[in-house]
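I have placed the structure first, in the form of structure tokens, so that the comments after it can refer back to it.
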Amino acid sequence: MSRLEAKKPSLCKSEPLTSDTVRATLSVLKGVLTSCYGPSGRLKQLHNGLGGYVCTTSQSSALLSNLSVTHPTLKILTTSVQNHVSCFSDCGLFTAILCCNLIENAKKTDLTPTTVIKLNKHLLSLCTNYLKSEACGCRIPVDFSSTQILLCLVRSILRSKPACMLIRKEVDHISALILRAFLLTIPENTEEHIILGKSIIVPLKGQKVTDSTVLPGILIEMSEAQLMRMLPIKKSSALKVALFCTSLSGDFSDTGEGTLVVSYRMSLENASLDQLLNLGRQLISDHVDLVLCQKVIHPSLKQFLSIHHVIAIDRVGVALMEPLSKVTGTQPIGSIGSISPSSYGIVKEFCTAKFGSKHFFHLIPNEATICSLLLCNRNDTAWDELKLTCQAALHVLQLTIKEPWALLGGGCTETHLAAFIRYKARNEPESILTDDGCTQAELQLVAEAFCSALESLAGSLEHDGGEIVTDMKYGHFWSVQGDCPSVVNWPDLLSRCGCGLYSSQEELSWSFLRSSCHPFAPQSCLPHETVGPASNLTLDCLTAKLSGLQVAVETANLILDLSYVIEDKN
């Protein structure tokens with residue numbers, strides 16, 4: 001068939017970053033992301049103009065998945081950040097805002113993109129090497145023999161998500177539960193390679209946040225009537241379990257384009273039911289106590305098993321299949337034919353539980369590497385945000401096992417790193433430059449743009465018109481209320497730095513953020529009381545932030561290197 005209309009030529013645009021439309025759109029995107037950043041970030045409501053679900057959030061994962069970005073250049077940025085968040089669950093806004101800052105600042109230098117990209121790579125290498133080195137002054141070790149630093153890490157994540165609607169008491173309660181849930185997933189007998197379990201988040205909306213709790217094992221929600229029928233069944237020893245991933249409803253699978261041949265006067269329904277009852281007889285002869293099915297169990301098979309004191313639970317769903325297999329040691333059974341004895345598992349015991357208006361069947365394993373985090377919040381919107389935050393916190397704790405270090409948060413790592421880079425570029429340029437044709441003057445321009453991007457990112461934490469200052473000893477971030485007098489005694493206005501590590505009562509001098517001051521080498525000695533019992537630090541995950549830094553710089557370099565955007569209009 002011939003085409004109804006002629007094929008349109010592709011649209012080719014050169015130097016996309018020179019377009020006023022692209023730069024304006026990038027500025028708007030940066031403004032949206034910046035306004036969400038930090039504990040006092042402003043919430044965003046995302047919804048379709050025709051109605052439907054309304055998302056209230058300040059998290060990058062929810063924000064970017066609900067934003068409609070059409071320009072190819074910006075799609076590169078949003079896709080890179082989403083890929084980072086899918087791998088690390090944290091530092092999404094950090095990555096996106098830093099990338100926008102780097103692009104904007106690079107265009108102001110009037111240097112060629114090739115020169116900026118080369119020097120950005122050198123500065124990225126300088127940053128990563130410093131953050132991984134023993135000399136780094138903005139990272140602290142995570143001691144797993146104490147919960148203090150781990151709790152600080154979880155609290156920092158919860159406090160940075162205002163849409164969770166948590167007060168301080170609730171933050172402390174949820175932080176302790178997340179840490180307990182994480183610790184329950186670590187096997188007691190660890191070998192060379194640790195295989196972590198899983199924390200299952202169970203929703204309970206409309207309840208007080210402090211009603212949330214953690215239980216070892218798995219909670220399966222069901223009606224009160226179903227539970228009442230199970231109550232008479234008691235057994236002192238462990239229960240033998242069969243787990244089915246196929247339907248036990250008696251339905252026939254789709255034959256596709258094939259033909260099903262049925263003998264004369266044969267009832268398919270009766271034949272299917274006989275097969276299910278034969279399965280039930282095999283389960284009873286194998287002394288199975290508990291039958292779990294991902295899909296539906298035929299009522300007649302349920303009744304047959306119940307008469308023989310076998311508990312049958314159906315519709316458990318695909319999400320619980322892997323945890324159930326781990327808890328019970330079963331191999332999911334995919335057919336209703338002969339069952340291998342090795343497919344069965346055991347569970348220590350079971351009980352019933354009630355939380356709010358919901359009833360649960362509680363499976364308690366012998367060794368708990370699977371646990372259920374029963375999560376409560378006042379309404380659907382706050383619960384959805386809290387669920388995402390808890391998942392992120394649990395993932396960050398897992399990452400911290402692999403790399404047991406944390407970075408100082410609250411903007412202090414960014415300002416400290418900016419001071420470090422500025423000092424190195426000014427006083428030791430030969431340690432950064434290699435024989436790639438870049439001059440020291442070009443290095444100074446790009447380093448200043450890089451440092452300004454980091455400082456601007458730190459300044460995004462202030463949303464109420466306050467002033468940002470940095471100390472000239474450690475290079476940390478300090479926030480002060482706006483309209484401060486021109487002559488001021490800084491220790492009277494300042495309390496503690498952004499991460500909470502240093503007090504203004506120390507002998508420090510301060511300078512306004514991004515003001516012209518002589519480059520200095522920030523001191524890197526961390527006091528011993530950092531890990532003391534009274535510390536209440538704001539911390540970031542080292543692994544997630546290092547990846548975010550790398551993604552931000554590499555994505556900015558990629559966008560700066562774009563010469564043409566070719567769009568197919570057909």
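The values are calculated or read from the model by the stated rules, or taken from the named source; none is laboratory data. All figures in this text were calculated on a predicted structure; none of them were measured in a lab. For neighbour counting, all protein chains shown are included, and Cβ atoms are generated from backbone atoms with ideal geometry for every residue, glycine included. SASA here: full protein model, heavy atoms, side chains in, ligands and nucleic acids out. Shrake-Rupley method; radii C 1.70, N 1.55, O 1.52, S 1.80 Å.
A few remarks follow.
- Residue list for segment 334-367, restricted to those being open to solvent by 30 Å² or more (accessible area, probe 1.4 Å) and aromatic (Phe, Trp, Tyr): 350, 355
- For segment 306-316, the criterion of being open to solvent by 50 Å² or more (accessible area, probe 1.4 Å), closer than 15 Å to residue 245 by Cβ and not hydroxyl-bearing (Ser, Thr, Tyr) is met by at least one residue.
- The test for being over 15 Å from residue 139 (Cβ atoms), among the polar types (S, T, N, Q), assigned to a helix (DSSP H, G or I) and touching a residue at least 40 places away in the same chain (Cβ under 8 Å) holds for residue 389.
- Check on residue 73, open to solvent by less than 30 Å² (accessible area, probe 1.4 Å), in a helix (DSSP H, G or I) and either out of contact with any helix residue (DSSP H, G or I) (no Cβ under 8 Å at 6 or more places or on another chain) or farther than 27 Å from residue 176 by Cβ (or both): yes
- In segment 292-306, the residues that are part of a helix (DSSP H, G or I) and in contact with a strand residue (DSSP E or B) (Cβ under 8 Å, 6 or more places away or on another chain): 301, 302, 305, 306
- Meets criteria (part of a helix (DSSP H, G or I) and more than 14 Å from residue 438 (Cα to Cα)) for residue 101: yes
- Test: residue in segment 237-246 that is in a strand (DSSP E or B), modelled with pLDDT of 90 or more and either open to solvent by 50 Å² or more (accessible area, probe 1.4 Å) or out of contact with any helix residue (DSSP H, G or I) (no Cβ under 8 Å at 6 or more places or on another chain) (or both): yes
- Screening 52, 38 for residues that are in contact (Cβ under 8 Å) with a residue 40 or more places away in the chain and on the phi > 0 side of the Ramachandran plot leaves exactly one candidate, 38.
- From the list 30, 44, 75, the one residue that fits, being touching a strand residue (DSSP E or B) at 6+ places or on another chain (Cβ under 8 Å) and basic (Lys, Arg), is 44.
- In segment 147-162 there is at least one residue that is open to solvent by 40 Å² or more (accessible area, probe 1.4 Å) and either of a type in the set (A, V, I, L, M, F, W, C) or modelled with pLDDT under 95 (or both).
- Residue check for residue 296: open to solvent by 10 Å² or more (accessible area, probe 1.4 Å), farther than 22 Å from residue 237 by Cα and in contact with a Cys (Cβ under 9 Å, 6 or more places away or on another chain): no
- First in segment 400-429 and in contact (Cβ under 8 Å) with a residue 24 or more places away in the chain and open to solvent by 10 Å² or more (accessible area, probe 1.4 Å), second anywhere and hydroxyl-bearing (Ser, Thr, Tyr) and assigned to a loop (DSSP other than H, G, I, E, B), Cβ under 8 Å, 6 or more apart: 410/538
- Residue match in segment 368-379 (condition: within 25 Å of residue 497 (Cβ to Cβ) and either open to solvent by 20 Å² or more (accessible area, probe 1.4 Å) or touching a residue at least 40 places away in the same chain (Cβ under 8 Å) (or both)): no
- Candidate set: segment 166-200, residues that are under 18 Å from the mean Cα position of the chain (by Cα) and in a loop (DSSP other than H, G, I, E, B); chosen: the one surrounded by the most Cβ atoms within 10 Å (Cβ to Cβ): 197
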